[in-house]
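Please treat every number below as a calculation from the coordinates, not as lab data. No experiment lies behind these values; they were computed from the predicted model shown. Heads up, the Cβs are rebuilt from the backbone with ideal geometry, glycines too, and the neighbour counts pull from every protein chain shown.
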Amino acid sequence: MANQETILTVENLGVKFDNNEVLKGLNFFVQKGDVLAIVGPNGAGKSVLFRALLGLVPYSGKIYWSPKLKVGYVPQKFNIDKDLPLSVEEFLKFKEKNLDKIIGVLKSVGIRDEHHIEHHVLKQRIGWLSGGQIQRILIAWSILDNPDVLLFDEPTAGIDVGGEETIYNLLKKLKNERGFTIILISHDLNIVYKYANNVICVNKEMVCYGEPSTVLDPASLAKLYGGEASFYKHEHNN
Amino acid sequence: MNIITSPLFLQLLVGILIGLGAGYLGSFMIMKRMSLVGDVISHVALPGIAIAIILEINPFFGAFTALFLAIVGIWFLERRTELSSETLVGIFFALSLALGILITPEPELLEALFGDITKIRPIDALITFALTAIVLFTMFRIYRELTISIISKQLAQSMGINVSKISFLFLLLVAAIVAIGLKVTGVFLMGALVIVPAAAAKNISIGLTRFTKLAALFGGISALGGILFANYFNLHPGPIVVLASGVIFLLTLLFRK
């Protein structure tokens with residue numbers, strides 16, 4: 001592990017909104033090729049942490065990214081409903097004009113049939129796709145410009161359980177193929193055990209940090225989720 | 001008489017330009033889920049027109065000032081909360097209409113409410129042409145950023161897009177097109193010319209390009225058809241233009257995608 005390159009170092013990170021402390025005292029680092037999961041209850045500041053990492057909110061403390069690192073981001077909130085008149089092709093072309101490149105990326109997110117891509121996916125209204133397909137399109141969007149790091153905010157919110165596994169397998173496959181580093185927010189500890197090599201538990205402050213199997217013990221889960229801890233632990237034991 | 005300065009030609013020119021601009025902007029208002037705002041924003045212009053008439057200045061400036069203040073208000077609400085501001089808009093805009101009706105001098109009230117494109121002068125055509133050109137040019141510059149901001153504010157911000165600036169600029173364009181469009185349909189119905197053609201275009205479009213272009217086209221056709229029809233049957237053009245857009249909307253329902 002010692003020869004791995006550290007690409008992100010966070011020191012004593014804090015975020016305040018109107019004197020209200022949302023995050024404080026966060027310390028962690030990310031190495032190239034890591035999959036870091038951020039877990040915590042609703043309102044714990046997970047999305048705020050992402051926004052701080054992206055430089056979108058003012059913060060105290062230090063965030064060091066390696067120079068010239070390209071960061072891709074899939075936010076949690078998308079206003080893509082059935083009604084939105086926007087085709088998949090138009091959406092992806094906002095980021096990349098080259099159609100061959102777009103088709104290539106769609107293939108790597110698991111939509112393999114070129115005929116299907118050209119005649120059904122690209123010309124389709126994005127809101128008419130299923131939740132899982134929209135998720136793939138968003139992942140395609142985020143990897144179009146070959147980022148080094150991917151930030152995913154609850155990448156499977158609103159997707160059924162089977163679809164969820166598929167999306168994580170896809171992320172894993174992309175990581176292996178393209179050597180991404182992935183930082184993801186998840187509410188599902190099963191996913192964290194299965195896919196992440198590091199985890200940070202956040203509830204305003206850092207409750208735990210390390211390998212999932214070591215640090216996600218009953219005590220820190222209780223501290224993280226309060227009364228819900230036994231529920232989560234039970235789910236993990238299944 | 002020279003055709004360029006003939007009254008009907010001027011009316012058609014102004015009407016079509018405003019229809020195009022309003023329809024195009026309307027497509028983004030609908031995507032922003034601001035149909036109600038689009039529909040009633042023109043009501044806010046009335047107190048502005050009234051004050052301008054009382055102060056004996058050009059009513060356009062009064063209307064634009066009132067609309068500008070309204071969009072600053074909407075923009076502020078948009079920034080402060082992600083919740084829909086529909087209730088406040090519904091209340092505030094209706095109140096300004098009531099106030100406007102009360103203070104607009106009687107002789108001008110009917111024209112302010114329903115517009116009167118038959119009174120258009122060549123200089124109005126020139127102003128309309130210039131403003132519509134500015135509106136469309138600005139939109140071509142910002143439509144990508146605007147659309148991404150509508151899809152996801154967070155995504156747009158992460159791409160370095162100044163979401164609130166783009167939104168403000170867009171609302172400013174809406175205020176401008178509504179202000180110049182008041183001549184055509186008046187404060188009661190100008191909002192309809194922003195929303196109805198775009199709603200019709202949405203019925204029969206899958207993608208954004210077709211949606212926005214059809215919205216502009218339907219706006220232009222509504223103005224063209226409405227003004228010609230009103231001219232032929234000697235009717236008031238404003239309501240006929242809006243009814244024409246309504247007919248297009250009903251037709252598109254038949255081919256809904």
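Some points to look at:
- Segment residue B:98-residue B:234, extension gain: residue separation times 0.36 nm, minus the distance between their alpha carbons: 46.0 nm
- Oblate is the label for chain B, because the ratio a/c of its alpha-carbon gyration tensor axes (a ≥ b ≥ c) is 1.5 or higher and a/b is not greater than b/c.
- Table column - 3J(HN,Hα) (Hz), the range B:24-33, Karplus curve with 6.51, -1.76, 1.60, x for Gly and Pro: 5, 5, x, 4, 7, 4, 5, 5, 6, 6
- The range B:1-154: C-alpha gyration tensor shape, a/c 1.5 cut-off, then a/b vs b/c: oblate
- By average C-beta atoms within 10 angstrom, highest first, the peptides A:53-64, B:189-200, A:88-99: B:189-200, A:88-99, A:53-64
- Per-pair calculated FRET efficiency, R0 = 30 Å: residue A:173 and residue B:134 via Cβ, rounded to 0.05: 0.05
- In nm, spacing of pseudo-spin labels at residue A:103 and residue A:42 (7 Å Cα→C-beta vector): 4.4 nm
- Between the range A:114-158 and the range B:129-191, the Cα center-to-center distance that results, in Å: 27 Å
- The label-point distance for residue A:113 and residue A:64, in a model that sets each label 7 Å from Cα toward Cβ, rounds to 5.1 nm.
- Per-residue ³J(HN,Hα) for the range A:76-91, Karplus 6.51 cos²θ - 1.76 cosθ + 1.60, θ = phi - 60°, Hz, x for Gly and Pro: 7, 8, 10, 8, 9, 10, 3, 7, 6, x, 8, 7, 4, 4, 4, 4
- Residue order, fewest to most surrounding Cβ atoms within 10 angstrom, among B:137, B:229, B:188: B:137, B:229, B:188
- Counting neighbouring Cβ atoms within 10 Å and putting the fewest first, the residues B:24, A:209, A:73 line up as A:209, A:73, B:24.
- Nonlocal amide H pairs with residue A:209, under 5 Å, H built at 1.01 Å: A:201
- For the pair residue A:19 and residue B:87, a Förster radius of 25 Å applied to the C-beta separation gives a FRET efficiency near 0.30, rounded to the nearest 0.05.
- Taking every C-alpha pair closer than 8 Å and separated by at least 6 residues, the mean separation divided by the residue count of chain A gives a relative contact order of 26 percent.
- Cα gyration tensor shape of the range B:1-75, rounded if a/c is under 1.5, else prolate or oblate by comparing a/b with b/c: oblate
- Put simply, the convex hull of the Cα atoms in chain A casts, on average, a shadow of 14.1 nm².
- Inter-centroid distance (Cα atoms) of the range A:73-109 relative to the range A:32-50, Å: 25 Å
- Couplings 3J(HN,Hα) of the range A:26-40, computed from phi: 8, 10, 6, 9, 10, 9, 4, x, 5, 10, 9, 9, 10, 10, x Hz, in residue order, whole Hz [Karplus 6.51 cos²θ - 1.76 cosθ + 1.60, θ = phi - 60°; x for Gly and Pro].
- Gyration tensor over the Cα atoms of the range A:14-140: the corresponding equivalent ellipsoid has semi-axes (square roots of 5 times the eigenvalues, largest first) of 34, 18, 13 Å.
- On the principal axes of its alpha-carbon atoms, the range A:84-210 has extents of 48, 27, 24 Å, going from largest to smallest.
- FRET efficiency, residue B:108 to residue B:159 (Cβ-Cβ, R0 35 Å, nearest 0.05): 0.15
- The smallest convex shape that holds all Cα atoms of the protein assembly as shown, its convex hull, gives 178 Å³ per residue.
- In the protein assembly as shown, the DSSP beta bridges split such that about 50 percent are antiparallel, to the nearest 5.
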